[in-house]
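See structure below.
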Amino acid sequence: MTRDEASAVAPQPNQANPQRSRTWWYAAAAVVSLLGLADAIYLTVEHISGESVRCTIIAGCSEVLSSRYAEMGGIPLALIGAAAYFSVFSLATLTVFGYKGTASLLALLVAGMFLISLWLIYLQAFVIHAFCQYCLFSAGITILLTVIVFLARRKTVSTVSR
């Protein structure tokens, strides 16, 4: 192989490796999901123990977390959130290690979480008329995950189209 052929095959020093960039985004999603998982586990433990959650930044946690919207079929919504965040962590980690199909499942899960977060923010604002800082933190984490997964998917599409 000539020197010109070798330089055409080898990545240029100033070009980013698209696979590495994509992996970084999914690794970031895994790490961010752990923040949501910690928040959801805290709220689940407080709900199951019957403790009242104190808001330190805004008032309204008690109203939101004791509303009829805090459970679905007797299951604390925070527990469902914890399962969702754990699933995001698992799928993002599997995607980093190259498992096929996990990126698509992750995108579907995060899209669903995003829509549910929008619904829950609506409920806090217009139905319950109170906000919970932990719930808003969770919504913020979900929005951040949505952006991260969107950017990772965009990197995948741009890599495939090259």
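The values are calculated or read from the model by the stated rules, or taken from the named source; none is laboratory data. Please read these numbers as outputs of a predicted model, since none were measured by experiment. With ideal geometry, Cβ positions are generated from the backbone for all residues, glycine too; neighbour counts draw on all protein chains shown.
At-a-glance table
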quantity	calculated
Residue that is farther than 16 Å from residue 30 by Cα and touching a helix residue (DSSP H, G or I) at 6+ places or on another chain (Cβ under 7 Å), where the choices are 92, 84, 130	130
Hey, residue 125 modelled with pLDDT of 95 or more and either surrounded by 12 or more Cβ atoms within 10 Å (Cβ to Cβ) or touching a Gly at 6+ places or on another chain (Cβ under 9 Å) (or both) or not	no
From the options 104, 33, residue that is over 12 Å from the mean Cα position of the chain (by Cα) and of a type in the set (Gly, Ala, Ser)	104
Inter-residue pairs, beta-carbon under 7 Å, first within 12 Å of residue 144 (Cα to Cα) and in the range 30-49, second buried (at least 20 other Cβ atoms within 10 Å of the Cβ) and of a type in the set (Phe, Trp, Tyr), 6+ apart	33/85; 36/85
Residue selected from the range 128-162 under the condition of a type in the set (S, T, N, Q) and in contact with a Lys or Arg (Cβ under 8 Å, 6 or more places away or on another chain), by the criterion modelled with the lowest pLDDT	159
Meets criteria (without any contact (Cβ under 8 Å) to a residue 60 or more places away in the chain and within 29 Å of residue 151 (Cα to Cα)) for residue 84	yes
Selected residue (criterion: surrounded by the most Cβ atoms within 10 Å (Cβ to Cβ)) from residues of the range 128-151 that are among the small types (Gly, Ala, Ser) and in contact (Cβ under 8 Å) with a residue 12 or more places away in the chain	138
